[in-house]
Amino acid sequence: MPGKLKAKIVAGRHLPVMDRASDLTDAFVEVKFGNTTFKTDVFPKSLNPQWNSEWFKFEVDDEDLQDEPLQITVLDHDTYSANDAIGKVYIDIDPLLCTEAASVISGWFPIYDTIHGIRGEINVLVKVELFNDLNRFRQSSCGVKFFCTTSIPRGYRAAMVHGFLEELVVNEDPEYQWIDRIRTPRASNEARQRLISLMSGELQRKIGLKVLEMGGNAVVGYLQCFDLEGESGLVVRAIGTACTLEKLTSGSLASAHTHPNTAPASNACNSPSKDGKESPLAHGCRSTHNSPVHSACSSQRLSQNFSVSVPTLIFTGMGSGGSAGKEAGPLKTLLRQQTQTALEQRGASSSGLLLNAREFPFFTLTSFPPGFLVHVGGVVSARSVKLLDRIHNPDEPETRDAWWEEIRQEIKSHAKALGCHAVVGYSENTSICEEVCILSASGTAAILNHRYMREGCLDIGSTDQRFEDPSPPSCGFCHIPYDELNMPFPAQLTYCYNCRRQKVPDVLFTTIDLPAEAAVTGKGCLIQARLCRLKKKAQGEVNATVISNLLPFMEYELHTQLMNKLKLRSMNALFGLHIQISVGENMLLGLASATGVYLTALPAPGGIQIAGKTTGDMSNEQHILTIQKRINDTIARNKELYQINPPKLFALDPEVFCGTNMELTEEGVGSPIPEPRHRSRLFRSHSESSDEVSELDLSHGKKDAFVLEIDDTDAVEDIHSLLTDASPPAGFHSCNTETMPGIYNWTTAVQMFTSVRVLRLSNANLSNQSLNKIFTDLCENLLKSFYFKLRSMVPCCLCHLNFNVAVPEEELIQVSVTAVAMTFDKDQTQERPAERFITKGGSETDEQLQFSLELCADSSSTNSQPSSRISGTVSLFTPAAKLCQSQLVVVHSTGVPENTIVSSRAASVDYGSFADRCSTWLELLRLKAHTIRRGSVKTSRRTQSLAHSVSSLEHCSPLTEGRSRSVRSSRSFGGSPVTMVKMTPLSFLPGTRNIKYLGIINMFFIRETTSLREEGGVSGFLHSFIAEVFAMVRAHVAALGGNAVVSYSMKDCVLMENPNKNQAQCLINVSGDAVIYVRETDQEPTASMTNMGQSLCAADGAT
Amino acid sequence: MAVELDVFVGNTTIMDEEVYQLWLDGYTVNDAVKARMDAGVLEECEADADVLLSDTMDQYRTFQMCERLLQSPAKLANQLLFQITPHRQVMLIERYYAFDDTFVREVLGKKLSKGTKKDLDDISAKTGVTLKSCRRQFDNFKRVFKVVEELKGPLVENIRQHFLLSDKLARDYAAIVFFANNRFETGKKKLQYLTFQDFALCAGQLINNWTVGAVDNMVEDMDVDLDKEFLQELKELKILIADKDLLDQHKSLVCTALRGKTKAFAEMEANFKNLSRGLVNIATKLTNTKDVRDFFIDLVEKFIEPCRSDRWTAADIKLYLTHYTNSAHILDPFKHQAVWDRYMGVIKSCIFIMYHD
């Protein structure tokens, strides 16, 4: 009996009229948890009842506390007939089970009914008393923190990242049980809502157990999904990344003390840490060659009994050079053995949890602490088509587990092929139509710094040199991780344009966010590839085979489109790539969204050249010329629009002139597209000029050109569709990542929105082409609509544009979008990248500081290391140093550009001096640390009290502030206040700090109507439902004491309609992290200063 | 190929004030789109008609969903469905309760019943205000009427608190409620020259001086019903015209005071008895509800029209009425000074308001 749950029903308001005769309601409330139910008294004849009930106490296992929601039902008392239900409130108790999160749930909740929507509000108080339970065999995982945020939550530092977590639970869908034929729609909906709530509670508990077993205390990047498999059941699955998080500020004292003692100790006796030394080799990372690649892989395998029928394909997008139109070989069959071995491996090692985590070195994170991400290989993805069959035994969800395991193995082997040992930005999703299910997984192959991995966070000294080369953070991640001589796919490699020391690919695709420290030229923009493919209607295995056969072509085409659009915008990298393929009865929809940027480290992209099939035909040639001109114009315009002016670093270098001359002669010779070999030679011998002048003069088509051959009408259509994408209107930017590269001065105004559009295709006999057009227009029009609606926010950026496509019925296409519009200050947008880097560093929270401090501690302890080694760490160190010492900032700001220039010219010489400077910084810091340690008692006491005051502030001030603010805002109205709750799909709100994470919000709602016309048609129905979902999310957050939801996402929006019957049903699943935020104040630097001093103390003490 | 569904929902509810006005004015979606295009909204940002249509539909839907809340504005502040900033809420409410003077002029003093509602299409045709807008305005009047009917305390204050309206708007609503309750006749041809604001000012005078609330401020309907006791007492004023001596005495007092001060003196002297009879008769008949309804028409017929035909200026009126009122105090046998002041104070103000040169 390890927990006591207490609930009190205070009052209701705005209740609906339940008694037509009196126009009033006799309301009472049932409070249910598990199998225990309490009732309040009836409050007669009122629409604003004041129950003020006693505390209802439930004595329950903490296992139940995690699984079950508190269920509150408001009813209308009726003496003569059955009591009428007004509506329900489900309250997730989970946030109360974590000591750091909320301590009480108190507030007004909308009373929700699946048929009528929100019907008034109820004020509830909920508390939990937990007793310590030391039972080793416990089934609960209370206290494990969950975050939807796909980065280390602000205000925390990751002491350790343990690895991948996955779990799924299955059940029968109540909607498809026999009993559904005789019960009311309301009962059926409620059964479903309750079941899903239970299942996600159970899932979360199980994931939590895994975290505890791994020794972690939190799940970051928690992603939970539902698969409504219809007849065959209901699957709730989740993935996430297990971490050991430490709270900054208040926790800094503790961490400072544990570092010298426990951490090194565990380090010493931790055998896996030695493992880490070998693992890069074991994982196939050969030496230090790296290059970015896109590799989208698709594999199809039918249900477990059905044999593997389709070859696994890997296609690489590197066709940018060469005359590779369509026919050349980007399609390449991956060695079968690779998958095979992967499968064998799995069989051998799938036992045991830790093994599992190691087996899949996957991370659902999309942004990382500096230094975590070493190299990025490219996108890896796998798809598989399955036939659904009834889940016979819900307790043994083996089939579904096996399916996912297969996919993950595939991903892992693809990552390996790219020379990477880990996959970051990993996600999984499904698309179901009837009995066919496409499982997809994708991520970015990467090499991570072992220091932060499971083996131990302080394992810096033992990490091998080879592996951790001292590449500057602004370009290091672009360097290829795979072997140059043994490339997994054809790609053009050049020396990094930033450091000139390592190879980079010409294009880089990733699923992660743009690293904060990356050097970017100009601004980014949203790039989408859209595709429709018709397919014949079919059943069962035939259908699955048809889909399997179509998938690789779709992926290939999406990829080609992305590549073309990227080039058209004169950019060379994609971040946050998300490819969704949705299956319908008679078509497949593919939508790829990503944010394009120009990475300074990568070569300038060539233009696009149009080539005609037949020569001599004058009219045709004329046509081609005009198209070519249009494309060139577009590229030029885009360059201006996105401010892509690569720095003229080598303007004074005589070699540049030489290089330019070379180019000119090349042109004179008339070879429009240099042979890849030739070109790479050119690059090696001369610093390539990314000079914009030469770029423009030489016309885009000539150098590095990407050739599009017009050989049939398809190609013409492709080119047209390429050019129809409208760029956002003046003042607007768009991206699907966390923030927009090139914009750093956000103001605090945010507007989160959800938009859904459904298109009915009236003509049954559409061609692929016209379908594509329709689909593209649909997406473009949606964007246009957003720009129009949000025009008052200009200048503004639509961030985290998350598109979701579905084919709910034959001839219907549904696109739902969730995004946030954020305003920024116009005046400062022209900031230089170097300055930008600093601002960014400054605005980042102290997580960086913590990491760098470890570095500092370590490098000072291993003082005898070669200077080059130190220099590597220093570049990591600097952004944090800025936080505490302005003196260092100055050095830093001059240091970065100098570094780039210097290293590119004469690496060896200046490098030494750079290292020298670094060591002086270190000396300085060490000195400072000494003074702090040895300094007067007064100082340390003051720092301590500061730390205390910070933590106490955190405990009380946010709540009071939130309350008082709301009181103020409502004063003019008299009535009880409604806290403004901000929502954003990003992990932060600009200009604010998240000072407390209150727990995860994970809600599932069903809404149904039998009076569709009266509710304003489907649009009216969905409009009010989405508004209601927002309202319920806000109410829950406010009741937890929060004032914002970050990392908000709408994962499912399933709409079924039958206008003829005047009916519709919709299911929505949303999630996010409830937080308390405060406006950014100057309290922050003080706090970090305190941390700094103490950590330094500790670090020095350790040496 | 048709758009089956198209919604856009913001966490903070997005509302365009222009579209809100069009919606309030009863434009259909298509008319609103046309109006917005004419207003040049497309030029200021790159958009096409489809975008405009989609946006207008969304906003209309939002307004329709909000309408329920706007009908009891107190709910708007503490409802959870729409997140609207407080200053936006104020704007929404104020505009929702705003009305067209031309429309209100038509229904002023009419019973706010279903019957009147049926005539709204005629009013709509006459005033050029769309039927939808007429309905909203009429329903607003009716709603406010119903709510304050059952409340104690000062009328204006009640309206302001219950409907969160500005002081000005609350006063206008108080006038509308007051007129509807007493069913004052305002539609006669002779009264057509008067604007709503004229009547609203008169209503303010009546509410402040002639209702129960003028004496006791904690009674139900205190500001809506006229003070019955006072109306009874008005009968006593009859003596001013019934008693021949008194009438003559009053006349001579007034004439003495006025002599030489105005060009219209001759007319004043000639008409004194008529005018005095008119005003006192109005007073004495006010116990009949029927005659209360005719209060304004009587004022016009018995006083304003004769004066106007004699070309009195507003200053003449003022001068005359001031002396007329004050002279009664000097009349020895006349004992009803308090009632007389209470009556004449309002009459004077009303006539000033209603007398347009």
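Report the net charge of residues surrounding residue B:266, where surrounding means a beta-carbon distance below 15 angstrom and charges are Lys +1, Arg +1, Asp -1, Glu -1. Please report the intermediate quantities before stating the final value.
On the way: positive: B:251, B:259, B:261, B:263, B:273, B:311; negative: B:267, B:269, B:310, B:316.
Residues near residue B:266 contribute +2 overall.
Note the angle between two axes, namely the Cα long axis of helix B:29-38 and the longest principal axis of the Cα atoms of chain B, as a number of degrees from 0 to 90, rounded to the nearest 10.
In chain B, helix B:29-38 runs at an angle near 90 degrees to the longest axis.
Would the range B:17-84 count as rounded, prolate or oblate if I go by the C-alpha gyration tensor, calling it rounded below 1.5 in a/c and otherwise prolate when a/b exceeds b/c, oblate otherwise?
Working: a/c = 2.76, a/b = 2.15, b/c = 1.28.
In terms of gyration-tensor shape, prolate.
Could you please tell me the mean projected area of the C-alpha convex hull for the range B:228-354, averaged over all directions and given in square nanometres to one decimal?
On the way: hull surface 27.9 nm².
Computed as one quarter of the Cα hull surface, the answer is 7.0 nm².
Hey, can you grab everything whose amide H is under 5 Å from the amide H of residue A:104? Only 5+ residues off in sequence or another chain; H modelled, so Pro and N-termini drop out.
The answer is none.
Where is the GNM fluctuation largest for chain B (alpha-carbon springs, 10 angstrom cutoff): B:167, B:243, B:25?
B:243
At 37 °C and 0.692 mPa s, grab the translational diffusion coefficient of the range B:101-210 from Stokes-Einstein with a Kirkwood Rh over Cα pairs, rounded to a whole number in µm² per second.
Details: Rh = 14.2 Å.
Result for D is 232 µm²/s.
Within the set A:416/A:996; A:32/A:145; B:110/B:273; A:412/A:784; B:228/B:263; B:263/B:302, which residue pairs have Cα atoms separated by over 29 Å? Let's see the in-between values first.
Details: A:416/A:996 39 Å; A:32/A:145 25 Å; B:110/B:273 34 Å; A:412/A:784 39 Å; B:228/B:263 40 Å; B:263/B:302 21 Å.
Exceeds cut-off: A:416/A:996; B:110/B:273; A:412/A:784; B:228/B:263.
I need to check one value: relative contact order of the range B:120-173, counting alpha carbon pairs closer than 8 Å and at least 6 residues apart, in percent. Numbers along the way, then the final one.
Values: 27 pairs, mean separation 12.5, N = 54.
Relative contact order of the range B:120-173: 23 percent.
To the nearest whole percent, what portion of all C-alpha pairs in the range A:90-237 is separated by more than 29 angstrom? Don't skip to the end; give the middle numbers.
Numbers: 3299 of 10878 pairs.
When all Cα pairs of the range A:90-237 are counted, 30 percent exceed 29 Å.
From zero up to wherever the largest Cα-Cα distance of chain B sits, split into 20 Å bins and tell me the percent of pairs in each.
26, 45, 22, 7, 0
If you plug each phi of the range B:149-157 into the Karplus form 6.51 cos²θ - 1.76 cosθ + 1.60 with θ = phi - 60°, what whole-Hz ³J(HN,Hα) values come out, in order, with x for Gly and Pro?
Computed from phi, the couplings for the range B:149-157 are 3, 9, 9, 8, x, x, 4, 4, 5 Hz.
Among B:29, B:19, B:51, which one shows the biggest mean-square fluctuation in a GNM of chain B, springs joining Cα atoms closer than 10 Å?
B:51
Please give, to one decimal in nm, the separation of the simple spin-label points placed at residue B:238 and residue A:769, each 7 Å out from Cα toward the Cβ.
Here the answer is 9.9 nm between the modelled labels.
Report ³J(HN,Hα) in whole Hz for each residue of the range A:9-25, in order, from the Karplus equation J = 6.51 cos²θ - 1.76 cosθ + 1.60 where θ = phi - 60°; Gly and Pro get x.
9, 8, 7, x, 8, 6, 5, x, 6, 9, 10, 4, 5, 9, 6, 9, 9
Let me have the relative contact order for chain B, percent, based on Cα pairs under 8 Å that are six or more residues apart.
Details: 393 pairs, mean separation 52.2, N = 357.
Relative contact order of chain B: 15 percent.
Just rank B:162, B:87, A:375, fewest to most, by other beta-carbon atoms within 10 angstrom.
Working: B:162 17, B:87 10, A:375 28.
The order, fewest Cβ neighbours first, is B:87, B:162, A:375.
Just counting partner chain Cβ atoms within 10 Å, what average do the residues of peptide A:785-795 show around their Cβ?
5
Taking 7 Å along the Cα-to-C-beta vector as the label spot, tell me the residue A:6-residue B:261 distance in nanometres, rounded to one decimal.
7.9
Taking the Cα centre as origin and putting +1 on Lys and Arg beta-carbons and -1 on Asp and Glu beta-carbons, what dipole magnitude results for the range B:228-354, to the nearest 20 debye? Let's see the in-between values first.
Numbers: 20 positive and 17 negative charges, 35 e Å.
With only Lys, Arg, Asp and Glu charged at Cβ, the dipole is about 160 debye.
Among B:30, B:72, B:52, pick out the residue whose Cα is farthest towards the positive end of the charge dipole of the range B:17-84, where Lys and Arg carry +1 and Asp and Glu carry -1 on C-beta, about the Cα centre.
Selected residue: B:72.
For residue A:244, list long-range residues whose amide hydrogen, built 1.01 Å from N in the peptide plane, is under 5 Å from its own amide hydrogen.
So residue A:244 has HN proximity to A:159, A:160, A:161, A:162, A:217.
Would you mind computing, in nm to one decimal, how far apart the modelled labels at residue A:1011 and residue A:621 are, each placed 7 Å from Cα along Cα→Cβ?
7.2
Quick one: which residues, 5 or more positions from residue A:145 or on another chain, have an amide H under 5 Å from its amide H? H modelled 1.01 Å from N in the peptide plane, none for Pro or chain starts.
Residues meeting the amide H criterion: A:218, A:219.
Would you kindly derive the ³J(HN,Hα) couplings of the range A:439-450 from the backbone phi angles with the Karplus curve 6.51 cos²θ - 1.76 cosθ + 1.60 (θ = phi - 60°), listing them in order in whole Hz, with x for Gly and Pro?
9, 10, 9, 8, x, 10, 5, 8, 10, 10, 6, 5
Work out how much length residue A:538 to residue A:79 would gain on full extension: take 0.36 nm times their residue separation and subtract the Cα-Cα distance, in nm to one decimal. Don't jump to the answer; show the numbers that get you there.
Working: separation 459, 0.36 × 459 = 165.24 nm, distance 5.59 nm.
The span from residue A:538 to residue A:79 would gain 159.7 nm if fully extended.
Neighbour counts of other C-beta atoms within 10 Å: give me A:998, A:234, B:194 arranged from fewest to most.
B:194, A:234, A:998
Exposure proxy check: A:404, A:178, B:23 ranked by fewest other beta carbons within 10 Å? Let's see the in-between values first.
On the way: A:404 19, A:178 6, B:23 27.
Neighbour counts put them in this order, fewest first: A:178, A:404, B:23.
Please identify the longest segment of chain B free of exposed trypsin sites (Lys or Arg not before Pro), where exposed means a DSSP state other than H, G, I, E or B and no more than 16 other Cβ atoms within 10 Å.
Working: sites that count: B:111, B:183, B:188, B:259, B:261, B:263, B:311, B:335.
Within chain B, the longest run free of exposed trypsin sites (Lys or Arg not before Pro) spans B:1-110.
All of the numbers you see were taken from the coordinates with simple rules; none came from a lab. Since we're looking at a predicted model, the values are computed, not measured. Don't worry about glycine lacking a Cβ; one is built from the backbone with ideal geometry, like all the others, and counts go over all protein chains shown.
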